[in-house]
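**Student:** First, the structure itself, so that you have it in front of you.
The values are calculated or read from the model by the stated rules, or taken from the named source; none is laboratory data. In this text, all values refer to a predicted model and were calculated from it rather than measured experimentally. Cβ: placed from backbone, ideal geometry, glycine included. Neighbour counts: every protein chain shown. The area values use the complete protein model at the heavy-atom level, side chains included, leaving out ligands, DNA and RNA. Shrake-Rupley method; radii C 1.70, N 1.55, O 1.52, S 1.80 Å.
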Amino acid sequence: MNLLSPETDKLSSAAQHGPWLSLVGLGEDGRAGLTPEALAALEQAEIVFGGERHLKLIGKVPGEARAWPQPFRNALPAILAERGRAVCVLATSDPFHYGIGAGLTKALPSEEMRVIPQLSAFSMACTRMRWPQEECALVSLHGRALQRIIPLLQPGARILALSWDESTPAAVAALLSERGLGGSSLTVLEALGGPKERIRETRADAFAIEGIVPLNMLAVSVVAGADAHILPLANGLADDWFEHDGQLTKADIRAITLSALAPRAGELLWDVGAGSGSIGIEWCLRHRHNRAIAFEELPERAARIGRNRLTLGAVPIEIVEGKAPASFAGKASPNAVFIGGGLGDPGLFEAAFAALKPGGRLVANAVTIEGEARLAALFAQHGGNLRRIGIAHLDPVGTMHGWRPAMPVTQWRVVKP
């Protein structure tokens, strides 16, 4: 007796007979740049999916040509609806470098898809610039915030950035100039690999390139002036990097707190009582795959976190406006939790600790006697490490100087069993 549904039986049969989907990388030279294998996949396909530009580049095909649906998020369901038929999906260059390949791989077993890539735009840009790719920082600004480039703007850096459209080069040039990096070299590489390829170079502060085509890449060679605004790589950014209303974990304590949280690549942080968002932002700056959720009750502070995340590189922070712990509902379990505010609120610690993944770290700071008492009680119940942090800064005292102590901070760190 066959227990499989007709649909399941169809999919199982498709998997047994090899790939039904061919993912073909397409360059600006269209058909001329395709390998015999790619051309065969194109000619044998019942359905060819691609952007309007892709379909124009390849011309007529024996099968049915379908432009991507709008919005683009409907593309994957449209492809999967044809599962089992001979389908060819056209992508730009290397489908696994900021392309549709990652989404398809999550949805399909590898044996159901054949991949025929071409050189990525990044690889072609490196050959044109004579830059070793391993020495370059790569970033996509296509459909993403321009500020993502900010953490990469380090003295002497070589950056390859995929543009959103023809306006991106001028916007990057303006950003560089605003940050004291106007002497940087900015090369616009248009329609790489095609008959209309064009490469033009200028200083960022003298940018006047016109007639740029939407499909372009930027190669940035960073030159830092004496007044350059360079984002430091260490924990504990100076307080003036953040817009705040005084509700800010100060730089010295922030550096110690980030050390206690011990970020690892790809982890999620809950920043509870986020204030200006400084802890969550620095957490994300430690690695490009790190994420954070900032829980903040006050609307004006939540808005301020949004501005800070853009100013410091459009870091991947989700901002949740509302009172904790109710605002925790439905959120992904964190690898680490920082409680900077609301520690005395009923049920807040318990809800955060329950959500924390096993082996995760929780760090809480307090400056009041009541907060300190709460940490002492939690330490007695859960163990961990408790410490008091005292810092003094040199201040003028009349015509001389003296040490002015900051309020001591009591910090508790615990690892969930």
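**Student:** Quick one: check the C-alpha center-to-center distance for segment 63-86 versus segment 272-287, whole angstrom.
**Tutor:** What the calculation gives is 39 Å, centre to centre.
**Student:** Report, to the nearest whole %, how much of the accessible area of segment 348-391 belongs to carbon and sulfur atoms, 1.4 Å probe, protein only.
**Tutor:** Roughly 59 percent, rounded to a whole number.
**Student:** A further question on this structure: Tilt of helix 251-261 relative to the longest C-alpha principal axis of the chain, in degrees (0 to 90, nearest 10)?
**Tutor:** Long axis of 251-261 versus the principal axis of the chain: about 60 degrees.
**Student:** Follow-up. Given R₀ = 51 Å, what would the calculated FRET efficiency be for residue 44 paired with residue 329, taking r from the Cβ atoms and rounding to 0.05?
**Tutor:** It comes out at approximately 0.55.
**Student:** Could you state the accessible area per residue of the chain in Å², with a 1.4 Å probe and every protein chain left in place?
**Tutor:** Here the residues of the chain average 48 Å² of exposed surface.
**Student:** What percent antiparallel are the DSSP beta bridges of segment 105-221, to the nearest 5?
**Tutor:** 80 percent
**Student:** I've got another one for you. Take every Cα pair under 8 Å in the chain that's 6+ residues apart, average their separations, divide by the length, and report that relative contact order as a whole percent.
**Tutor:** Values: 800 pairs, mean separation 41.5, N = 417.
Relative contact order for the chain comes out at 10 percent.
**Student:** Could you bin all the Cα-Cα distances of the chain into 10 Å bins starting at 0 and give me the percent of pairs in each, rounded to whole numbers?
**Tutor:** Values per bin, smallest distances first: 4, 18, 22, 21, 19, 11, 4, 1, 0, 0.
**Student:** Can you compute the modelled spin-label distance between residue 231 and residue 368, with each label point 7 Å from Cα toward Cβ, in nm?
**Tutor:** Label at residue 231, label at residue 368, 3.4 nm between them.
**Student:** Using θ = phi - 60° and the Karplus curve 6.51 cos²θ - 1.76 cosθ + 1.60, what whole-Hz ³J(HN,Hα) does each residue of segment 367-376 get, with Gly and Pro shown as x?
**Tutor:** So the J values, rounded to whole Hz, are 10, 9, 4, 5, x, 5, 5, 5, 5, 4.
**Student:** Let me ask something else about it. Can you compute the helix-only [θ] at 222 nm over the chain? Use -39500 (n - 2.57) per DSSP H run of at least 4 residues, normalise by all residues, nearest 500 deg cm²/dmol.
**Tutor:** Helices in the chain give a 222 nm mean residue ellipticity of -8000 deg cm²/dmol.
**Student:** What is the distance in Å between the Cα centres of segment 97-154 and segment 312-339?
**Tutor:** Segment 97-154 and segment 312-339 have Cα centres separated by 29 Å.
**Student:** Also, quick follow-up: Tally up the carbon and sulfur contribution to the accessible surface of segment 13-101 as a whole percent, 1.4 Å probe, everything protein left in place.
**Tutor:** Answer for segment 13-101 is 54 percent, counting heavy atoms of protein chains only.
**Student:** What base-10 log of the normalised intensity I(q)/I(0) is obtained for segment 185-329 from the Debye formula, alpha carbons as equal point scatterers, at q = 0.17, 0.18, 0.22 Å⁻¹?
**Tutor:** Relative scattering, expressed as log10 I(q)/I(0), comes to -0.92, -0.97, -1.25.
**Student:** Now, a different point. Using mean Cβ contacts within 10 Å as the protection proxy, how do 392-403, 266-277 order, highest first?
**Tutor:** Values: 392-403: 8.7, 266-277: 25.2.
Top to bottom by mean Cβ count within 10 Å: 266-277, 392-403.
**Student:** Hey, another quick one. Share of segment 147-235's accessible area from carbon and sulfur, percent, 1.4 Å? Intermediate values should be presented prior to the final figure.
**Tutor:** Numbers: 2150 of 3950 Å².
Of the solvent-accessible surface of segment 147-235, carbon and sulfur hold 54 percent.
**Student:** Moving on to the next point. Can you give the alpha-carbon Rg of segment 232-292 over 2.2 N^0.38 Å, where N counts its residues?
**Tutor:** The value comes to 1.02.
**Student:** Now a separate question. Find the percent of Cα-Cα distances in segment 89-212 that exceed 21 Å, and round it to a whole number. Don't jump to the answer; show the numbers that get you there.
**Tutor:** Working: 3370 of 7626 pairs.
Every Cα pair in segment 89-212 considered, those over 21 Å come to 44 percent.
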